[in-house]
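**Student:** Next up is a structure, given as structure tokens.
The values are calculated or read from the model by the stated rules, or taken from the named source; none is laboratory data. Note that the coordinates shown come from a computational prediction; the quantities given were computed from them, not determined experimentally. Note: ideal-geometry Cβ built from the backbone for every residue, glycine included; neighbour counts use all protein chains shown. Just so you know, the surface numbers come from the protein's heavy atoms only, side chains and all, with ligands and any DNA or RNA stripped out. Shrake-Rupley method; radii C 1.70, N 1.55, O 1.52, S 1.80 Å.
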Amino acid sequence: MEVEGGQIIDAHCAGEMFRGWEIILKGRHPLDAQQITQRICGVCPTAHGQASNRSLDDALGINPPDNGRLLRNLILGANNVQSHILHFYHLAALDFVDITAILQYQGNSIEVNKVKSWAQSEVNSGRSNMLSPFMPRYKGAYIQDVELNIAAIAHYLEALEMRRKAQQALVIFGGKMPHTMATVPGGVTEHPTADKIVEYLSYIKELQAFVDNKYIPDVIAVAQAFPSYFGIGKGCGNFLSYGVFEENNEGTDLFLNRGAVIDGAFQEFDKMKINEYVNFSKFKSESGLHPWDGSTEPDPEKEGAYSFVKAPRYNDAVVEVGPLSRIVVAYLSGKNEAVKNIVDSTCASVGIQISDLFSVLGRHAARALECKLVADRCAEWAMEVKLGQPVATPFTIPSESQGVGFCEAPRGSVSHWIKIEDSVIDNYQVVAPTTWNCSPRDDEGRLGAVEQALIGTPVADSENPIEPARVVRSFDP
């Protein structure tokens with residue numbers, strides 16, 4: 001980041017790791033892909049696995065039966081809820097919460113005593129004398145309200161337990177986490193029973209209560225403590241969502257809509273409008289390729305390049321992906337009353353406009369609202385599962401085919417593109433959420449979504465850049 005006059009005037013977002021999963025997959029059996037690609041990310045393996053399976057659904061020309069679709073939704077939904085709780089409490093809240101006043105606070109309540117006991121045990125244990133992970137930290141403005149700090153830290157601890165429950169819900173039908181075994185082309189391998197459905201619902205009901213009574217109120221409390229962050233970190237203002245959670249077996253009806261919002265206008269999604277540029281990326285491949293024709297040849301010494309992330313663009317536009325994108329696309333599609341109602345009511349209660357959501361706090365709010373929508377819908381999907389019905393569609397691997405699988409990871413749009421020749425993988429390309437958000441400049445010099453969001457961000461102290469840290473983490477990279 002380049003800071004001048006107390007604000008950022010230029011930014012470069014660099015992906016410093018070459019991953020090369022596409023090279024690993026070439027020549028392998030197509031069914032290997034969903035297991036291998038789950039290792040791309042330790043936080044959202046579920047979405048990668050489902051995108052991989054959907055690419056084979058497409059290549060094989062098959063759709064899951066009702067139970068296969070519903071169980072996929074239950075698996076992905078539990079992961080979505082877990083990840084959103086993780087992001088707010090364990091990755092982002094640390095940028096706002098002040099731990100230092102806790103031990104000196106003289107109040108007395110169950111939450112206060114719980115937090116003070118935990119903090120004191122950290123100090124006394126020898127594991128840490130700085131209350132990790134809250135310390136060390138940047139200097140800057142943190143929450144001043146001690147009661148709010150107490151509640152946030154108490155909920156931080158409770159959120160660890162809620163994440164565990166969400167993972168336990170997932171493995172009822174997914175087999176294990178972090179890398180599920182039960183999703184396959186055409187559906188899943190796990191057969192539901194009444195006991196499994198009841199157990200899943202018991203976890204979901206606890207998660208619903210936490211989201212309604214802790215998560216959403218905490219996000220609103222942070223928003224009220226830092227209202228200026230509704231005007232910070234806007235970014236490119238364009239949004240893309242592949243849509244997620246199928247409501248029919250053909251995947252044409254989605255709980256969260258598919259589409260793009262470019263220059264404020266909703267557009268129907270066209271998979272052929274995705275291209276990846278590499279002028280500033282450390283790759284040898286031709287620039288501007290569609291993913292089906294993509295290439296993954298590293299060039300670590302490439303002159304002028306500064307990132308191992310490509311620069312994907314939709315119809316040559318820089319777009320943001322993630323919960324905010326899904327909410328904006330669903331809202332502006334005019335087809336999603338559930339999203340419209342919850343967004344309108346939340347904006348009214350907080351006293352903001354829809355345009356204020358294009359910001360740091362808007363991303364946190366959108367993530368919390370989506371978490372509620374998904375948790376509530378998971379409870380309904382569980383009740384739609386039919387015992388004794390098929391969970392997968394049979395298939396055979398063709399000699400030659402191609403397909404694409406679209407999914408929405410908690411942090412954004414993920415797509416897997418496969419070409420099969422001689423019944424093995426000939427080419428495989430992954431366009432991950434952080435590839436969209438954290439891309440470098442493209443061939444026209446247009447900055448990526450995070451780079452644009454950083455421009456104009458105020459920085460009170462360049463030695464303690466807490467403000468841009470909040471901007472970047474709002475994307476959940």
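**Student:** So for the pair Gln224, Met181, with labels modelled 7 Å out along Cα→Cβ, what separation do we get in nm?
**Tutor:** Distance between label points: 4.8 nm.
**Student:** On to the next question. Taking θ as phi - 60°, what are the ³J(HN,Hα) couplings along the range 399-410 by the Karplus curve (6.51, -1.76, 1.60), each to the nearest whole Hz, with x for Gly and Pro?
**Tutor:** Result, ordered by residue: 5, 8, 5, 8, x, 9, x, 9, 8, 10, 6, x Hz.
**Student:** Given 0.36 nm per residue, what is the gain on full extension from Asp426 to Asp32 after removing their alpha carbon distance, in nm?
**Tutor:** Contour length minus Cα-Cα distance gives 140.5 nm.
**Student:** For a quick protection proxy, order the peptides 385-394, 415-424 by their average other-Cβ count within 10 Å, most packed first.
**Tutor:** Numbers: 385-394: 15.0, 415-424: 19.8.
Top to bottom by mean Cβ count within 10 Å: 415-424, 385-394.
**Student:** At 1.4 Å probe size, with the rest of the protein present, what percent of the exposed accessible area of the range 205-343 is carbon and sulfur atoms?
**Tutor:** Carbon with sulfur: 46 percent of the solvent-accessible area.
**Student:** Write down the percent of antiparallel bridges among all DSSP beta bridges whose residues are both part of the chain, to the nearest 5.
**Tutor:** Given both bridge residues lie in the chain, the antiparallel proportion sits at roughly 95 percent.
**Student:** While we're looking at this one, here's another question. From the phi of every residue in the range 228-233, what ³J(HN,Hα) in whole Hz does the Karplus formula 6.51 cos²θ - 1.76 cosθ + 1.60 yield, where θ is phi - 60° and glycine or proline is x?
**Tutor:** Rounded to whole hertz, the list is 5, 6, 7, x, 10, x.
**Student:** In debye to the nearest 20, how big a dipole does the chain give about its Cα centre with +1 on each Lys and Arg Cβ and -1 on each Asp and Glu Cβ?
**Tutor:** Its charge dipole is roughly 1020 debye.
**Student:** Give the long-range amide H neighbours of Ser413: residues separated by 5 or more places, or on another chain, with amide H under 5 Å away, using H modelled in the peptide plane at 1.01 Å from N.
**Tutor:** So Ser413 has HN proximity to Gly322.
**Student:** Express in nm, to one decimal, how much length is gained between Gln144 and Asp316 on full extension, taking 0.36 nm for each residue of separation and deducting their alpha carbon distance.
**Tutor:** So the extension gain works out to 57.5 nm.
**Student:** For Val184, list long-range residues whose amide hydrogen, built 1.01 Å from N in the peptide plane, is under 5 Å from its own amide hydrogen.
**Tutor:** HN-HN under 5 Å from Val184: Thr189.
**Student:** Enumerate the calculated ³J(HN,Hα) couplings along the range 26-43 in order (Karplus 6.51 cos²θ - 1.76 cosθ + 1.60, θ = phi - 60°), each rounded to whole Hz, writing x wherever the residue is Gly or Pro.
**Tutor:** 4, x, 8, 5, x, 6, 5, 4, 5, 7, 5, 6, 5, 7, 4, 9, x, 9
**Student:** Whose amide H sits under 5 Å from the amide H of Ser307, counting only residues 5 or more places off or on another chain, with H placed in the peptide plane?
**Tutor:** Counting only residues 5 or more places away or on other chains, the set is Lys282.
**Student:** What does the accessible area per residue of the range 207-308 come to in Å², with a 1.4 Å probe and no ligands, DNA or RNA counted?
**Tutor:** It amounts to 42 Å² per residue over the range 207-308.
**Student:** With 26 Å as the limit, write out which pairs from Lys165/Lys386; Lys205/Lys340; Lys234/Lys310; Lys165/Lys340 have Cα-Cα distances beyond it, or answer none. Intermediate results must be reported in sequence, preceding the final value.
**Tutor:** Working: Lys165/Lys386 24 Å; Lys205/Lys340 24 Å; Lys234/Lys310 22 Å; Lys165/Lys340 29 Å.
Violating the 26 Å limit, Cα to Cα: Lys165/Lys340.
**Student:** Can you give the Rg to Rh ratio of the range 3-115, both from alpha-carbon atoms, with Rh computed by the Kirkwood formula?
**Tutor:** Computed over Cα atoms, the ratio is 1.17.
**Student:** What's the ranking of 58-67, 300-309 by average number of surrounding C-beta atoms within 10 Å, highest first?
**Tutor:** Values: 58-67: 19.1, 300-309: 14.6.
So the order, starting with the most tightly packed, is 58-67, 300-309.
**Student:** On to the next question. Using a Förster radius of 51 Å, what is the FRET efficiency between Ile9 and Asp195 based on their Cβ-Cβ separation? Nearest 0.05, please.
**Tutor:** 0.30
**Student:** Please work out the FRET efficiency for the pair Glu463 and Gln389, using the Cβ-Cβ distance as r and a Förster radius of 56 Å; give the result to the nearest 0.05.
**Tutor:** Computed FRET efficiency for Glu463 and Gln389: 0.35.
**Student:** May I have the convex hull volume per residue, in Å³, for the Cα set of the range 157-282?
**Tutor:** Per residue, the Cα convex hull of the range 157-282 comes to 223 Å³.
**Student:** Would you mind putting 324-330, 162-168 in packing order, based on average other-beta-carbon counts within 10 Å, highest first? Walk me through the intermediate numbers first.
**Tutor:** Numbers: 324-330: 28.0, 162-168: 19.3.
Output ranking for 324-330, 162-168: 324-330, 162-168.
**Student:** Report P(r) for the range 306-371: all Cα-Cα distances, bin width 5 Å, range 0 to the bin holding the largest distance, values in whole percent.
**Tutor:** 3, 16, 25, 22, 14, 9, 6, 3, 1
**Student:** Provide the gained length on full extension for the span Glu111 to Ser355, in nm with one decimal, where the gain is 0.36 nm per separating residue minus the Cα-Cα distance.
**Tutor:** Between Glu111 and Ser355, full extension yields 84.3 nm more.
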